[in-house]
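Report on the structure given below.
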Amino acid sequence: MPAPPAHPCSPAANLQAAIALLAALQALGLRRLVLCPGSRSAPLAVAAGVLEHCGLKLYTSIDERSAGFLALGLGRADGVPVAVVTTSGSAVANLLPAVVEADHGAVPLLLLTADRPARLKGCGANQTVNQEAFLAPSCRWFGAGDPRGLAAMPPAAMAALAQRAWAASLGMPVGPVHLNLPFEEPLHASASDIEALLAQPAAAAVQPNAAPAALQVAAPPAQAGSLLDPDRPGVVVAGPWRAPAAQLQPFAEALVRWQQRSGWPVLADGLSGLRGWPGLQVVQGYDLLLADGHGFPAAAQLLRLGSMPASRRLQQWITASAGLQLLISEGEPRNLDATGTASLQFSGGLASWLAALPDPLGSGRVPASNQAWLEQWVQADQRLQQHLDRCLLAKEASAVSSTPCSEPALARALSRCLPAGELLMLANSSPVRDWESFAAADAPHRPVVGFRGASGIDGTLSIAAGLALGHGRATLLCGDLALLHDANGWLWRDQLAACGARLTVVLVDNTGGGIFEQLPIRTGPPLDFERLFAMPQRLDHSALAAGYGVEARSIEALDQLADGLAWAARQPMALLHVRTDRRGDAALRQQCRRTMATIHQGFDGGNTLS
């Protein structure tokens, strides 16, 4: 089928069409847009600048990859879709890593990519690629403007395109949506065209929705209500929290009600948002308690909440628990049963499931057997926490007593030093795993965020900048290779400063991929482990940050961490540089696992540690 002929167009018509689309999205609730430079996307860029005067928050980036990840952090912060605008060609391909994570992590994004009209596609015209297909496998929906150009679309069609894109991004599950928008030349509006649009009072009438509409979920199936028996012992396993932050409180309150009735221990992943939650008895040290074949027997009943926790030992324990397992997600209908052991999965949320029970926990006491089961877990965790303090935070015997910097000890110290309520982002690989195992159980409650959908290290610094912009302040715990992978993320410093936001980066610099030291692949001289896996880089991260205008301070001992955090809190973006020994830390982790697993050796509660 031949492409449609050129549509008579003008720069003003292109600009008016771009404004109409963005204004329609803004009326639906769009509040933030990340703009990357380009010529074909010029109408969208100018339209964003015009609507900035009407309440649209505009961020700019020279790097589409970094822009996508900033939007990912912004979208995770409050669950409201964020738009990213790029020009045509390879610029679109650079969005893919962020879109993959948004897909798996259920974060809403609107990807607005400019393109040539259809008449220029497939004929060798400059900068024309198959960009419509680049993001398709990871998007909830793909939509396109009129193939002749966006200016050829009637207003009703434009409004319908915006409405469908917005709804698809906030569907079940939420996630990324791609709108490919052709623009016919000429593209660039004159100064008088722009001034005329800015002078129009109608533009100020855009009233974005305050929050996304609540999703309508189906009632739980009949068998879900009778699957678990609160009068018999069981365990709750809570995975990483992926729903909007505003939904965490009613979820946690529902879980408190279930625990008060059942007495079931809650094994809460470090990203669950539940550690330190008032009124909830959480077991944090399960990864160590279940190590090396010791610890608790398989559970006869499991209530699994959300996606799978990071702990492989916990995953193995879930697999070995052959009893009934109910898996409940908060609006995620996709299969989350990585172990293949769930008896049923329900996506309507914990509170909905509790409300539909025949007796919604209004009567009954915790049976004595359940209470004893809970106390077994809690007491073992308490002994473990005490031993971790002795093992990890012991002072060096020297003239100036100090606590050396190991990665497990850093996670434990940081959990106590960060102010209550301070948002923490954990980078993938070692930081998220160390937090799960070694963060202190007596640390105050705070939002802890990670991106375990695709579990990559790409875009780490830019995601954290997005979280800081969304929350006002944030701290990132990150490894050296992950930080280097997204060094352009330091460029967000000036926009953080302009918004009054703050981001502190706590860098674990172990000169390479420390996660590989924890795998059985360092086999000796025949294998060049450093070159093939660790890949250390000869780089001074403090100097690199300084090149972007970011101040840095070295942390030589954990006793300096609190002062370092206080110093960093006065900067819009700051680096705390902690050097560690990855081989020594790998050995320390193994030692902890061997020792801690003996704290609880079976259901009788026997332990070998005083």
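The values are calculated or read from the model by the stated rules, or taken from the named source; none is laboratory data. Everything numeric in this text was worked out from a predicted model, so none of it was measured. As a convention, Cβ positions derive from the backbone with ideal geometry for all residues, glycine included, and neighbour counts pool all protein chains shown. These area figures cover heavy atoms from the full protein model, side chains too; ligands, DNA and RNA do not enter into them. Shrake-Rupley method; radii C 1.70, N 1.55, O 1.52, S 1.80 Å.
Brief remarks on what is shown
- Among the residues of the stretch 322-344, those that are aliphatic (A, V, I, L, M) and either open to solvent by less than 30 Å² (accessible area, probe 1.4 Å) or out of contact with any helix residue (DSSP H, G or I) (no Cβ under 8 Å at 6 or more places or on another chain) (or both) comprise Ala322, Leu326, Leu327, Ile328, Leu336, Ala342.
- When each of Thr403, Thr475 is tested for being out of contact with any Ser or Thr (no Cβ under 9 Å at 6 or more places or on another chain), hydroxyl-bearing (Ser, Thr, Tyr) and under 27 Å from Asp540 (Cβ atoms), the lone residue that passes is Thr403.
- Residue check for Val99: modelled with pLDDT of 95 or more and out of contact with any strand residue (DSSP E or B) (no Cβ under 7 Å at 6 or more places or on another chain): no
Yes or no, residue by residue, for (1) at pLDDT below 90; (2) in a strand (DSSP E or B); (3) closer than 24 Å to Gln249 by Cβ; (4) among the charged types (D, E, K, R):
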site	(1), (2), (3), (4)
Leu361	yes, no, yes, no
Arg365	yes, no, no, yes
Trp373	no, no, no, no
Cys391	yes, no, no, no
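Residue-wise test of (1) in contact (Cβ under 8 Å) with a residue 40 or more places away in the chain; (2) touching a His at 6+ places or on another chain (Cβ under 6 Å); (3) open to solvent by 20 Å² or more (accessible area, probe 1.4 Å).
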| residue | (1), (2), (3) |
| --- | --- |
| Val46 | yes, no, yes |
| Leu51 | yes, no, no |
| Gly55 | yes, no, yes |
| Leu58 | no, no, yes |
| Gly75 | yes, no, no |
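- Residues satisfying the stated conditions in the stretch 506-545, i.e. more than 27 Å from Leu491 (Cα to Cα) and of a type in the set (Val, Ile, Thr): Ile515, Ile521, Thr523
- Tally, over the stretch 195-243, of residues that are modelled with pLDDT of 60 or more, outside any helix (DSSP H, G or I) and closer than 30 Å to Pro358 by Cα: 20
- The one condition in (1) over 20 Å from the mean Cα position of the chain (by Cα); (2) open to solvent by 10 Å² or more (accessible area, probe 1.4 Å) that Asn94 fails to fulfil: (1)
- Residue ID - nearest to the chain's Cα centre (by Cα), chosen from residues in the stretch 158-188 that are of a type in the set (Gly, Ala, Ser) and open to solvent by less than 40 Å² (accessible area, probe 1.4 Å): Gly175
- Filtered residues of the stretch 287-314 (kept if within 14 Å of Cys592 (Cβ to Cβ) and either surrounded by fewer than 20 Cβ atoms within 10 Å (Cβ to Cβ) or without any contact (Cβ under 8 Å) to a residue 40 or more places away in the chain (or both)): Asp292, His294, Arg313
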